[in-house]
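Colleague: Encoded as C-alpha cells, here's the structure I'll be asking about.
The values are calculated or read from the model by the stated rules, or taken from the named source; none is laboratory data. Note that the structure is predicted; figures quoted are calculated from it, not measured. Cβ sites come from the backbone with ideal geometry, for glycine too, and all protein chains shown count toward neighbours.
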Amino acid sequence: MTARTHVLIRIKSDIPLRRTGDFLPDGSYLAEISGGGVTVTVRVIEYHVTVDGQDVPEMFCLITDLEDHRAYPAAVLAAAYKWRWDGSETMLREGKSAIRGAGPSTGPMFRSCSPRLIRQEHAAWITATELVRGTARLAARHAAPAAKGRRAGQPVHPREISFTAARRAAIAAIRHGAATASLPGQAIAAGCRAAIAAISRCRVSVDRNRHRDHKTKARQGFPNAPCRMPTRTAEARISVCTPRGT
C-alpha cells in the first residue's frame, strides 16, 4: 500500500511496534512494524479522546508513512482519522442497505452461489450504488440551501442528501417506466426534474458529533451468558425417534 499511496491506519493493541528513536516534538515517534518477513518504518500517533468531559476508555493508535511531523502534525492526522467514518464506513453502510439478507447471516449478503455470478452481482451492485450517488450529487447541486439550522444559507453538500430517498426514487422511476428511453425527450426531462426536486428535499443531518458506547450491532440468536451460568454434569442419553406404537 505504501508503495502506491500514503496511509493512515489504526492498529490493534496486540500488534507489536518497536520504537526506533525519541519522541518527536508533536508527541509521535518512529517505529518498526514487521509481518510476513517484511519490516516497515512507520510513524506512530497515540492519543486519547475526551467526550463531554469524560475520557473514552481506550487509546487510539495510528500508524502512517508520513514521517514529516512539521508538514503533518500528529493532532492534524488524529483529527483526520475521524473522516474515515464519513468517507468510508458510512458510505459503505449506505451501499449495503440496498442488499437484502439472502442467507443465515444477520447482515446483507449477495444471493449468487458461484464465483462467476458473485463477480457479476458485485459489479452490478457497485454500478447501481454509484448511479444513485450520482443522482444525489445532482440533487445537491439543484437543492435550495436550508432556511434555518447550522447550515442555513450554505450550499447543500451531497452528504446531506438521503441515500435511501435517492435509491427509492430511482427504483420508483424504473418501475413506473419513467426512465424508458422510448419515451419522448420532454417527458423524460420532466420526470427527471420532478425526481431531482423530490430527492433534494430529503435531507439528513451531518457532522452531529454523536457518540455512543461500543455495543453488539447484530441481534444474537440466543441470549448472552451471565457471569455465573449454572452447569450440569450428567451422562447424555440418546433416544432415537421411532413411529408411534412401535
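Matching residues to (1) among the aliphatic types (A, V, I, L, M); (2) in a helix (DSSP H, G or I):
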{"residue": "57", "(1), (2)": "no, no"}
{"residue": "86", "(1), (2)": "no, yes"}
{"residue": "91", "(1), (2)": "yes, yes"}
{"residue": "94", "(1), (2)": "no, yes"}
{"residue": "117", "(1), (2)": "yes, yes"}
{"residue": "125", "(1), (2)": "no, yes"}
{"residue": "139", "(1), (2)": "yes, yes"}
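Colleague: Return a yes/no flag: does the stretch 151-170 have any residue that is touching a Phe, Trp or Tyr at 6+ places or on another chain (Cβ under 8 Å) and either touching a residue at least 40 places away in the same chain (Cβ under 8 Å) or farther than 11 Å from residue 199 by Cα (or both).
Modeller: Taking the stretch 151-170 and keeping what is touching a Phe, Trp or Tyr at 6+ places or on another chain (Cβ under 8 Å), we get none.
No; the residues of the stretch 151-170 include none that is touching a Phe, Trp or Tyr at 6+ places or on another chain (Cβ under 8 Å) and either touching a residue at least 40 places away in the same chain (Cβ under 8 Å) or farther than 11 Å from residue 199 by Cα (or both).
Colleague: Collect the residues in the stretch 148-173 that are under 17 Å from residue 86 (Cα atoms), out of contact with any strand residue (DSSP E or B) (no Cβ under 6 Å at 6 or more places or on another chain) and not in a strand (DSSP E or B), keeping them in residue-number order.
Modeller: 156, 157, 158, 159, 162, 163, 164
Colleague: If I go through the stretch 24-40 residue by residue, how many of them are exposed (fewer than 12 other Cβ atoms within 10 Å of the Cβ) and without any contact (Cβ under 8 Å) to a residue 40 or more places away in the chain?
Modeller: First pass over the stretch 24-40, keeping only residues exposed (fewer than 12 other Cβ atoms within 10 Å of the Cβ): 25, 35-39.
Add one more test, that the residue is without any contact (Cβ under 8 Å) to a residue 40 or more places away in the chain, and what stays is 35-39.
Total meeting the criteria: 5.
Colleague: Hey, does the stretch 96-104 have a residue that's modelled with pLDDT under 90, at negative phi, part of a helix (DSSP H, G or I) and not β-branched (Val, Ile, Thr)? Show your work before the answer.
Modeller: Of all residues in the stretch 96-104, those modelled with pLDDT under 90 come to 96-104.
Restricting the remaining residues to those that are at negative phi gives 96-104.
Checking which are part of a helix (DSSP H, G or I) leaves us with 96.
Checking the rest, the ones that are also not β-branched (Val, Ile, Thr) come to 96.
Yes: the stretch 96-104 contains one or more residues that are modelled with pLDDT under 90, at negative phi, part of a helix (DSSP H, G or I) and not β-branched (Val, Ile, Thr).
Colleague: Shifting gears a bit: Between a first residue in the stretch 114-139 that is at pLDDT below 90 and a second residue that is assigned to a helix (DSSP H, G or I), which pairs have beta carbons less than 6 Å apart while being 6 or more apart in sequence or on different chains?
Modeller: From residues that are at pLDDT below 90, there are no pairs.
Colleague: I want to confirm something. Restricting to the stretch 173-209 and keeping residues that are at pLDDT 85 or above and of a type in the set (Lys, Arg), which single residue is nearest to residue 138 (Cα to Cα)?
Modeller: Restricting to residues being at pLDDT 85 or above and of a type in the set (Lys, Arg), the top hit is 193.
Colleague: A follow-up question, please. Is the stretch 5-19 home to any residue that is within 30 Å of residue 136 (Cβ to Cβ), assigned to a helix (DSSP H, G or I) and touching a Leu at 6+ places or on another chain (Cβ under 7 Å)? Step through it out loud before you land on a result.
Modeller: Quick first cut of the stretch 5-19, residues within 30 Å of residue 136 (Cβ to Cβ) only: 5-10.
Next, from what is left, pick out any that are assigned to a helix (DSSP H, G or I): none.
Checked against the condition, which is being within 30 Å of residue 136 (Cβ to Cβ), assigned to a helix (DSSP H, G or I) and touching a Leu at 6+ places or on another chain (Cβ under 7 Å), the stretch 5-19 yields no hits at all.
Colleague: Hey, another quick one. Given the conditions (1) surrounded by 10 or more Cβ atoms within 10 Å (Cβ to Cβ); (2) over 20 Å from residue 97 (Cα atoms); (3) modelled with pLDDT of 85 or more, report the number of the one that residue 159 does not fulfil.
Modeller: (2)
Colleague: Now a separate question. Within the bounds of the stretch 106-127, is there any residue that is out of contact with any Ser or Thr (no Cβ under 7 Å at 6 or more places or on another chain), closer than 24 Å to residue 193 by Cα and not assigned by TED's automatic domain parsing to the domain that holds residue 50?
Modeller: yes
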